[in-house]
Amino acid sequence: QPRTVAVVVGSLRKDSVSRKVAKAFAALAPKNLKFDFVEIGDLPHFDQDLESDPPAQWTAFRNRVSAADAVLFVTPEYNRSVPGVLKNAIDVGSRPYGASAWNAKPGAVISVSPGGIGGFGANHHLRQSLAFLNVPLLSQEAYVGNAFALFDETGELVNESTTEFLRGYAHAFAEWVERIAGDTVERKA
Ligand code: FNR
C-alpha cells in the first residue's frame, strides 16, 4: 500500500548535506513510500497573535503534513540542538491547540553532521519535542557523522557503509509506518 512521507529538512542552504542525506534515504527506500519534501524556509515566525488569522504559509504547511501518513526529519545540529528554523516549523505544525498536524503520525529522525558526534544533541532535543507531540518514533537511531566525506561533487552518496545503513534504516522505517498507520486504519474501520 502506498504511504506518503512528509520530509522536513532542518537546513535551508542550497548545498545542505542534510538534504543530500534525505534524498539518498528516499532513493534507497522501499517503493511503496512516496516522499513529499515540505519546505519550511518561508514559514513566518510562530506568533500566537497571528493564530486567529493564520498566515497562508502556515495553513499550507499544516495541510501538507496532515495529508501525509508519516513524517521524516533530517536535520543538522546547531549549537548542540535543533536549528531554529526547524523548531519554528514544529511549533507551527503543532497548532491550533488540539489540532496538531503531527499527532499520531509515525516518524523517524536522522541527524547529520560533518563532525564525529553525528548531531546527537539535535537528534535528542528533536525526539523530546516529538514525544510531547505524540509522534510514535522509530526507536532505532540514525546519526550520520563525517557527512561531508560521504558524497561526491555531484551530491551522490558514494560511501558504501552509509548506503547500507540508510537502506536498512529506510526498510525499518517502512515497516514501522505500516505497523502504525495500518493499525490506525484498522481501528478507524
Ligand atoms: C553549526 N554546526 C554544528 N555542527 C555540529 O555537529 N554541532 C553543532 O552544535 C554545530 N553548531 C552549529 C551552529 C551553527 C549556527 C551553524 C551554522 C553550524 C556545523 C554544521 O553541522 C554544518 O554547518 C552543517 O553543514 C550544517 O548542515 P547542512 O546545512 O549542511 O545540512
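Here are a few things to note about the model shown:
- Pairs where the first residue, in region 142-160, is farther than 14 Å from S16 by Cα and within 12 Å of the ligand (Cβ to nearest atom) and the second is in a strand (DSSP E or B) and among the hydroxyl-bearing types (S, T, Y), C-beta under 6 Å, 6+ apart: Y143/S111
- Per the listing L130, L150, L137, the residue uniquely hydrophobic (A, V, I, L, M, F, W, C), more than 29 Å from P2 (Cα to Cα) and at pLDDT 95 or above is L150.
- Within region 32-59, considering residues that are more than 14 Å from R95 (Cβ to Cβ) and aliphatic (A, V, I, L, M), the one surrounded by the fewest Cβ atoms within 10 Å (Cβ to Cβ): A56
The rows are residues; the columns are (1) touching a helix residue (DSSP H, G or I) at 6+ places or on another chain (Cβ under 7 Å); (2) outside any loop (DSSP other than H, G, I, E, B); (3) within 20 Å of L137 (Cβ to Cβ).
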site	(1), (2), (3)
Q1	no, no, no
S11	yes, no, no
A22	no, yes, yes
A27	no, yes, no
K31	no, no, no
R95	no, no, no
W102	yes, no, yes
I110	yes, yes, yes
P114	yes, no, no
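- The residue that is nearest to G182 (Cα to Cα), counting only those in region 56-82 that are within 16 Å of the ligand (Cβ to nearest atom) and within 13 Å of the chain's Cα centre (by Cα), is L72.
The values are calculated or read from the model by the stated rules, or taken from the named source; none is laboratory data. What you see is a predicted model; the values in this text were computed from it and never measured. FYI the Cβ positions are ideal-geometry reconstructions off the backbone, even for glycines, and counts take in every protein chain you see.
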